[in-house]
Structure formats: C-alpha cells, structure tokens
Amino acid sequence: MPKKNTPLGERRSKVPERQLKTLERVLSKAGLGSRTDARSWIAEGRVRVNGRSVLDPDHWVDLDRDRVTFDGKPLRAAAKIYILLYKPKGYLTTYRDPEGRPTVYDLTSGVGTWLSPVGRLDLDTSGLLVMTNDTDFAERLTNPDHHVPKTYQLKASTVLGDEQIEQLRRGLELSDGPTRPALVKRLRDHPKYTHLEMTITEGRNRQVRRMVEALGSKVLKLVRTAIGPIRIGDLPIGKWRELTKAEVRSLGG
C-alpha cells in the first residue's frame, strides 16, 4: 500500500524541538552558581560533556541527548527554592564587591544552595527582595510585560503638594521615557517632609528616586514593603524565610 504523502510543514511540526542551551547556562540553570562561576569552572576543566572536557562556555548542549558532568558527577537540577529577604540598607544586591562591602549573600549563606536576586535594590534602599535558583521564575517576575506591582514607602526631602502627587499618579517623563501611572498614598506630612506609599509596575533603575527627583525633591529614605501581594509582615530586617507554594503561585511560579 503506497505511503500517504504528508506536507513538509506538517512533518516538521511533529519534530520535537531540541533543548539546546550554552554550557554556562546549563550549569547556572541547574542552580550550581552564577554564569560567572560557571565560566570559571568550565575554564578549569571541571565540566565534561559526553566524557570529553569542554573549555568553551558557549558550547551548545542538547539537554535531551548530551551527558554533562561536573567534578565527575552527573549534572542534576537542584531542588527549586524561593526565599524572601528583608534587605537592610548598606547591603549590595551582588555576589561579590571589589570594595569588600557587605552583600545579600552574607545574609543568605545558610540557605545551602546558590540563589540569584530577582531584580535589585540599591545600596541605600531596604526592603523585600526575592531570591531563587529558578531562573525561569526569575525571568517571568522581572519581565516588564507582567506588570508585577512593587510597593515602597518613602520619605521625601520636601513637603509634596497635591499636584505633585497627582503627577506621580499620572506618570512622569524621565530620561528613559514616560513612566506608567503609579498608585500613590500620602501617609503623613511633617513641617519639612512628606511620607508616601507608592506602587509601581516597572523595574527601571532607581525609578522611585528618579520620579521624586523629577518633582524637584529627593528621597531621604526608601523601603520596599511589598512585591505583588506579598508584604513584609513580621519578617525581621536582615532575615529571610522561604516563600510558601501559594506565594510562589501568586508571583507567577
């Protein structure tokens, strides 16, 4: 019986997509360390693909067919972990600092596995920071298309009038374009300062500070109090806890 001819496009659609990733990305996604760490390990000859030492971190690996080992042991994905850290002011959201300043990794050494910060908080900002070894989750959470809200409480260096607060609510023009409208609540005023709660759905560098500066004021104190529906609660500053499964789902995990 003659074989039925199948359109080429249909035949191609049935071919499973190959899971190709660079070797450094394979190591980092397994939760072993950062891409910088992975490049160092590869250069040291500690990583093999199908029994052969590979020194090129950009070597393509087929996850369905290739066998990757690290220090002679088969590469296995680490159990996924998600933590919430209350970062204090004065800590960097980086792995290492050439000046020897403290980093968030000094506070999370007890987790027992490699974690990467999801977004950043600058040196002078305190508050909530999510850290995880689930790179797909981190990419979803930082994707601006998902509009994950982040809430801050701030102290402005001047008393802000109602019209200035309305400008924050409508959106401001910054050097990298207009901001999305923000949710803004006046918390209290002092003779010289205004305290606000502000929720934004973008993750631009120093965005809250720059928005307040666009009004002719400055941020004297900034604390991130919530990420999506997750708030600080009773988490002590400098401490961390694991996110619950429900909290991970609420953030798109």
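The values are calculated or read from the model by the stated rules, or taken from the named source; none is laboratory data. Because the structure is predicted, anything quoted here is derived from the model rather than measured. Neighbour counts run over all protein chains shown; Cβ positions are idealised from the backbone, glycine included.
Annotations
- Test for residue 182: is it farther than 28 Å from residue 252 by Cα, crowded, with 16+ Cβ neighbours inside 10 Å and at pLDDT 95 or above: no
- Scanning the range 38-62 for residues that are of a type in the set (Asp, Glu) and more than 16 Å from residue 73 (Cβ to Cβ) returns 56, 58, 62.
- If you go through the range 135-152 and keep only what is closer than 19 Å to residue 187 by Cα and assigned to a helix (DSSP H, G or I), you end up with nothing.
- Which numbered condition residue 41 fails, given (1) within 22 Å of residue 93 (Cα to Cα); (2) surrounded by 17 or more Cβ atoms within 10 Å (Cβ to Cβ); (3) touching a Gly at 6+ places or on another chain (Cβ under 8 Å): (1)
- Tally of residues being surrounded by fewer than 18 Cβ atoms within 10 Å (Cβ to Cβ) and β-branched (Val, Ile, Thr) across the range 141-164: 3
- Scanning the range 80-134 for residues that are surrounded by fewer than 16 Cβ atoms within 10 Å (Cβ to Cβ) and assigned to a helix (DSSP H, G or I) yields 106, 109, 110.
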